[in-house]
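Participant: Handing you this structure, nothing more for now.
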Amino acid sequence: MVLISPVQGQVKQGVYVITLDNPPVNAISISVRRGLISAVNDFEQSNAQVAVLVGSNGTFIAGADIHEFARTSDGPVLLDVVRVIENCKKPIVAALQGAVLGGGLEVALACDARIAHVDTVIGLPEVSLGIIPGAGGTQLLPRRIGISRAIDIICGAQRLSAEEAKHLRLVDSVVCSDILVAANLFARNIEHKSSVRDELVPNEDPALIDQAINRYTKLGRCRPAIAKAIDLIQAAARLPIEEGLVLESAAFLELRKSQEAQALRHLFFAEKTCRKPPQTKEVAPIPINTVCVIGAGTMGTGIAICLLDAEFSVMLLEQDKEALDKGEERIFSHYQKQVETGKLSPVEASKCLSHLLCSLNWEELAKADLVIEAVYEDMLVKQDVFKKIDQFANPNAILATNTSYLSVDKIALATTRPKRVIGLHFFSPANVMKLLEIVNAKQTCLETLHAVIAFGNRLNKYPVVTKDSFGFIGNRIYNAYRTQCEFMLEDGAWPEEVDAALVDFGMAMGPFTVADLSGLDIAWRMRKTQRKNQETRYVDILDTLCELGRFGRKTSAGYYDYTNGKKQANTSELVRQIIENASQRRRIKRRTLNSKHIQNRALLSMVNEAALLMREGVAQRASDIDVVFVHGYGFPRWQGGPVFWARQQDRQQLQSDIAGLAEHGGNSFVLADISILFESSP
Ligand code: T1G
């Protein structure tokens, strides 16, 4: 079998055109590296005096091939390609379009000029993968744009437009026409090489550099790639480029092996995978352009804003005029704030708002392709609303509920079209959180499922499909984790100790701080509707707090006390007494639990529940569970998610540690066989 190189070179009207074709994004794999080196050498031997490097598939180069990072491959590295381009005796012009990211920008900077199509996106986002630019980016970029801007772009993983890049002299010209024609024209007039590597880092005010460093050293913990990038960018000002490149290569190889980089790579692919609909027979698409949101409360208006941002036509429907006016006001003030903070221009904001219709008239429903119900979280209320929706909505419309734990199967039975009913569990604030749980009910048809997955992707969310099961994926795991943390309160820990241990692990907030934030009364109300099984260890600390009217931040008292909205670091004597009474009632002799113990029990409870969800078929893929917990519950990205964390442990030891949870959980604890987390597709 003849392997055709993904890189072809040929002379066209006196210009040597090097075309890179490695779909879908021209990632630089080993065959691309070999092909580029061979094409540049061939160009050098040819009669052509100038070359143009262009990508197929509507893009330049999206970077090194991330699939290759997990293995060491022999053959040339990307820095070898950069050097061959820089040392070529004749000039090479880069024709930029689509994505010019990571190694793609490093290759472009090695060229002698860069012409960019107006729609090009340019950047060095490697820190998002826990690594740093490894083919000269930390040394070339500051030579062209200075230290402080290079720190912003590399440590902030910033993606620049073509015009922004031109402003920084990263591209020589921006065109709206065919990029290859424009680059060829430019190439004919280029007279000599001009390599970025020969430039010196421009002098700049040290205060600007310090400010840039401060902007990123505070950014999140466990970000060794950011710290290393700052060191290397600053080194560019004092070291000859070859010395800087040696340091950069060593750091790149070290970071690439790091647990953080492996975790971030795992998430990169997990996020792509969850966006793909089930691979099945051809499915007739159901176009969604007009969406009706029912309920103008916090969730309803958050969902409406999310839809307006994605340029859907939105109808916000309420049955109560006052509630509708409040909801409309909430949306308008959101866009006003976006303009005040410069996130949107007045024109952009009014364009979004022009797609909004607020109404009390249910007849409007007939225009919607998709109806999203976001009313009070009560089964009877939702079933009534769905009966009404079913009457007014057009026959092809998809009907979705935003329920966070109620049965979508049951809600579907309230309609005459269960095949068109599905769950769309948005997370609050809906216009910010990227997770969208799609609840695929028993009668939901494939067309409906595919349509809402495409809808979720258009909202730029991660649409994770779950079966209809209490708590779906995220709340089910969160409930297990939160229950284990409550056990630890009775066993001897204070809320601030549990919260601190989990924040130390990397969670955005501890469970008791989260509980106070969301309101203890919500969980209290739900607990009262659930049958108590005597076998189950039930911690009633939250109930006692609620009976005292301590609902959390909104009542300035919950697990913690709040003064002027500020949380007191330690729990009060009253709360500690409530906790000690709970321990006494259970005849538990309280003992000190250290941070590691707290972290382990919390994580083990998540892993056990994840395995149960996989066994029950509620989650389709183990990697989906990581996407859910990172994007919905603040699990630290650099730890990869509960499943990724489990896969880093010794499997036998992990299974035995999880079995140990049974001593805390009583007879109701269901022990999972966690092997499924190691077997299922990534
Ligand atoms: N390597 C391998 N595959 C990649 C890839 C990459 N760099 N980028 C994207 N893909 C795949 C992706 O998995 C998906 O595959 C398909 O392309 C479409 O992606 C030495 C070391 C380019 C803006 O971080 O930001 O260079 O699921 O669904 O929405 O210094 O992908 O279809 O099989 O996202 O149009 C630095 C990461 C690498 C860029 C396109 N580069 N990619 O977005 O499509 S490190 C990046 C993106 C590096 C050097 C260092 C986006 C995109 P599949 P997609 P999209």
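The values are calculated or read from the model by the stated rules, or taken from the named source; none is laboratory data. These numbers come from a predicted model, not from an experiment. For neighbour counting, all protein chains shown are included, and Cβ atoms are generated from backbone atoms with ideal geometry for every residue, glycine included. Note: accessible area is taken over every heavy atom of the protein model, side chains too, but ligands, DNA and RNA are not part of it. Shrake-Rupley method; radii C 1.70, N 1.55, O 1.52, S 1.80 Å.
Participant: Tell me which trypsin sites (Lys or Arg not before Pro) from the stretch 522-559 have a DSSP coil assignment and no more than 11 other beta carbons within 10 Å of their own.
Facilitator: 531, 532
Participant: Also, quick follow-up: Once the Cα atoms of helix 474-491 and of the chain are each reduced to a long axis, what angle between those two axes, in degrees from 0 to 90 to the nearest 10, is obtained?
Facilitator: On a 0 to 90 degree scale, this one is about 60.
Participant: Just grab the label-to-label distance for residue 211 and residue 419, each label 7 Å out from Cα along the Cβ direction, in nm (one decimal).
Facilitator: Here the modelled spin labels are 6.1 nm apart.
Participant: Additional query: Counting only residues 5 or more places away or on other chains, whose amide H sits under 5 Å from the amide H of residue 175 once H atoms are built in the peptide plane?
Facilitator: 116, 117, 118
Participant: Which lysines does residue 218 reach when only Cα atoms under 18 Å apart count, and residues fewer than 8 places away in its own chain are ignored?
Facilitator: 228
Participant: Please report the spacing between the Cα centers of the stretch 1-50 and the stretch 190-209 in Å, no decimals.
Facilitator: So the two Cα centres are separated by 28 Å.
Participant: Same structure again: Taking the alpha-carbon centroid of each part, what is the distance from the stretch 108-137 to the stretch 568-597 in angstrom?
Facilitator: Centre-to-centre (Cα) distance: 53 Å.
Participant: Continuing with the same structure: Calculated FRET efficiency, residue 198 and residue 659, Cβ-Cβ r, R0 51 Å, to nearest 0.05?
Facilitator: So, using R0 = 51 Å, E works out to roughly 0.20.
Participant: Set the Förster distance to 25 Å, then compute FRET efficiency between residue 594 and residue 503 from the Cβ-Cβ distance, nearest 0.05.
Facilitator: Plugging the Cβ-Cβ distance into 1/(1 + (r/R0)^6) gives 0.95.
Participant: For the stretch 341-413 and the stretch 465-529, write down the distance between their C-alpha centroids in whole Å.
Facilitator: Cα centres, the stretch 341-413 to the stretch 465-529: 29 Å.
Participant: Here is a further query. List, in order, the whole-Hz ³J(HN,Hα) value for each residue of the stretch 56-66 obtained from phi through the Karplus relation with A = 6.51, B = -1.76, C = 1.60 and θ = phi - 60°; use x for Gly and Pro.
Facilitator: 8, 6, x, 8, 7, 9, 8, x, 5, 6, 4
Participant: Then there is this: Could you check the simple spin-label distance between residue 268 and residue 152, using points 7 Å along Cα→Cβ, in nm with one decimal?
Facilitator: Using points 7 Å along Cα→Cβ, the separation is 2.5 nm.
Participant: Now for a separate question. Quick one: which residues, 5+ away or cross-chain, put their amide H under 5 Å from the amide H of residue 64? H built at 1.01 Å from N.
Facilitator: Amide H to amide H, under 5 Å and 5 or more residues apart or across chains, residue 64 pairs with 28, 103, 104.
Participant: OK, next. Scan around residue 519 for amide H atoms under 5 Å from its own, H built in the peptide plane at 1.01 Å from N, and keep only partners 5 or more places away or cross-chain.
Facilitator: It is 553, by chain and number.
Participant: Please give the contour-minus-distance gain from residue 616 to residue 332: 0.36 nm per residue of separation, less the Cα-Cα distance, rounded to one decimal in nm.
Facilitator: Full extension from residue 616 to residue 332 adds 97.9 nm.
Participant: Treat each spin label as a single point 7 Å out from the Cα along the C-beta direction, and report the residue 319 to residue 118 distance in nm.
Facilitator: The two pseudo-label positions are separated by 5.0 nm.
Participant: Can you tell me the length gained on complete extension of the stretch residue 569 to residue 528, counting 0.36 nm per residue apart and subtracting the Cα distance?
Facilitator: Taking 0.36 nm per residue and subtracting the Cα distance, the gain is 11.8 nm.
Participant: Residue by residue through the stretch 578-590, which ³J(HN,Hα) values in whole Hz follow from phi under the Karplus form 6.51 cos²θ - 1.76 cosθ + 1.60 (θ = phi - 60°), with glycine and proline marked x?
Facilitator: Computed from phi, the couplings for the stretch 578-590 are 4, 5, 5, 4, 5, 5, 4, 4, 8, 6, 9, 7, 4 Hz.
Participant: Right, next: To test your reading of the geometry: what angle, between 0 and 90 degrees and rounded to tens, separates the Cα axis of helix 224-235 from the longest principal axis of the chain?
Facilitator: 30
Participant: Let me ask something else about it. Run the paramagnetic zone check for residue 41: 7 angstrom along Cα to Cβ, then residues of the stretch 79-105 with backbone nitrogen under 20 Å.
Facilitator: It comes to 79-92, nothing else.
Participant: Any of 276/596; 528/566; 351/434 with alpha carbons more than 28 Å apart? Name them for me.
Facilitator: Pairs exceeding 28 Å: 276/596; 528/566.
Participant: With every protein chain left in place and a probe of 1.4 Å, what is the accessible surface of residue 379, to the nearest 10 Å²?
Facilitator: Surface accessible to solvent at residue 379 totals approximately 40 Å².
Participant: So what are the ³J(HN,Hα) numbers for the stretch 561-575, from phi and the Karplus equation (6.51, -1.76, 1.60; θ = phi - 60°), rounded to whole Hz, Gly and Pro as x?
Facilitator: Couplings: 9, 10, 10, 6, x, 9, 6, 6, 4, 10, 5, 6, 4, 4, 5 Hz.
Participant: Where does helix 622-633 land angle-wise versus the long Cα axis of the chain, in degrees 0 to 90, nearest 10?
Facilitator: With rounding to tens, the tilt is 80 degrees.
Participant: OK, next. Exactly which trypsin sites (Lys or Arg not before Pro) in the stretch 111-169 are in a DSSP loop and have at most 16 other Cβ atoms within 10 Å?
Facilitator: Sites meeting the loop and neighbour criteria: 169.
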